[in-house]
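Accompanying notes for the structure given below.
No lab work stands behind these numbers, since they all come straight from the coordinates. As the structure is a computational prediction, the values presented were derived from the model and not from experiment. In this analysis, Cβ positions are derived from the backbone assuming ideal geometry, glycine residues included, and neighbour counts consider all displayed protein chains.
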Amino acid sequence: MAEIKYDPNKKYVWTPETEFTLKGGEFGAVLNTMRAILSSPEAQRVLMANQTNDIVESVLSKAVENGLVQEAPENENS
């Protein structure tokens, strides 16, 4: 039987329950990289935009629930 080897040019799948193990140095590299990315000015703007989107979605949801906004009819041309 042929030995299975990882090929970075192929796509792989796994289940949500699949466990991956990181060594301390690997975990530190991932953590420090994510911290560096998330602390950048660009990331802060994206995070703020996401928070703002959540606020707008909440306001719109309440307006729909209170009958202030109605669902748009489906466009026959779409």
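At full extension, Arg45 and Asn32 could sit 2.7 nm farther apart than now, given 0.36 nm per residue minus the alpha carbon distance. For the chain, the longest principal axis of the Cα atoms and the long axis of helix 24-38 meet at an angle of about 30 degrees.
Annotation for Ala2 and Asn75: the two label points, set 7 Å from Cα along the Cα-Cβ direction, are 5.1 nm apart. Which shape class, rounded, prolate or oblate, goes with the stretch 1-54 when its Cα gyration tensor gives a ≥ b ≥ c as root eigenvalues, a/c under 1.5 marks rounded, and past that a/b bigger than b/c marks prolate? Note, shape of the stretch 1-54 comes out prolate.
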